[in-house]
Amino acid sequence: MNKALYHIHVDAEYIAPQFEEYVCQNLGFWVADFLHESQYESWEPQRSLTYKTDDSQDFKRVFISTRKYAKRNPGQFVGYIEGEFIACDMDIVSKEFDPSIKLPFKVHTKLPLPAQFREGEIHVCFLKKQSDSRLQQALEAMGLHPCYTPKQEGVMAVLTCQGSLEQIGQLLPKITTYLQEAGGGANCSIKEEHIAEWWMSDPGVKLHPIVDHIEW
């Protein structure tokens, strides 16, 4: 599993072929698209490109180069570029799901204001078909939003919560403890990400909901 400390995502509602060609061939991005499940309201981008590194200077170089290209070529990209620091990336030991473990909270979300960007996020990832479906049901009941991404070992479910660093810091230990006690996830991990850099093509870009308040 890749544990790189820095991630950059080019998340596009629209991306011109020449923009994608530039960042992939010259900067080293690769395609990391999500699957679009019709039964859910879609928050994932139409096109997602990713870059990972352990070097902070390399991270800054690639982010700045990507942003400069986007600014110099208006109309080639609609979406946002985010640079993340991976504050926590923990594997969860697999075990049989225990439905008796109580849900620790319920997150209520809202859409961010125009030009407002999240400060941090939590991702809970596990192989969808190989995991107990009750785990995903529990995480959705807590208020995490699901999306899916294809991996070599199978389709990965990614349950996400986004908000301020204070909110994410409150939620992370509760979700981690729940995953460790409840089980049910195959190749399960939890990741905390802090936003280090971000840029939007315009303030009206569609963004994932953020935490409004937490019901403990």
- K106: exposed (fewer than 13 other Cβ atoms within 10 Å of the Cβ), farther than 23 Å from P45 by Cβ and at pLDDT 95 or above, yes or no? yes
- Task: Identify the residue in the stretch 74-95 that is of a type in the set (F, W, Y) and under 18 Å from the mean Cα position of the chain (by Cα) and, among all such residues, is surrounded by the fewest Cβ atoms within 10 Å (Cβ to Cβ).
- Result: F85
- Query: Does D98 count as surrounded by fewer than 16 Cβ atoms within 10 Å (Cβ to Cβ), under 30 Å from G184 (Cα atoms) and either touching a Gly at 6+ places or on another chain (Cβ under 8 Å) or aromatic (F, W, Y) (or both)?
  - Reply: yes
- Among the residues of the stretch 133-142, count how many are touching a Phe, Trp or Tyr at 6+ places or on another chain (Cβ under 8 Å) and crowded, with 20+ Cβ neighbours inside 10 Å. 3
- Item | Close pairs (6 angstrom Cβ cut-off, 6 or more residues apart or separate chains): closer than 14 Å to K52 by Cα and in contact (Cβ under 8 Å) with a residue 60 or more places away in the chain in the stretch 80-94, assigned to a loop (DSSP other than H, G, I, E, B) and of a type in the set (A, V, I, L, M, F, W, C) anywhere | I86/L5
- Item | Failed item, numbered, when K128 is tested on (1) surrounded by 16 or more Cβ atoms within 10 Å (Cβ to Cβ); (2) in contact (Cβ under 8 Å) with a residue 60 or more places away in the chain | (2)
- Looking only at residues in the stretch 37-73 that are loosely packed, with under 12 Cβ neighbours inside 10 Å and not acidic (D, E), which one is nearest to E140 (Cα to Cα)? Q39
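The values are calculated or read from the model by the stated rules, or taken from the named source; none is laboratory data. Values in this document were obtained by computation on a predicted structure and should not be read as measured data. All Cβ positions, even for glycine, are placed from backbone atoms using ideal geometry, and neighbour counts span all protein chains on display.
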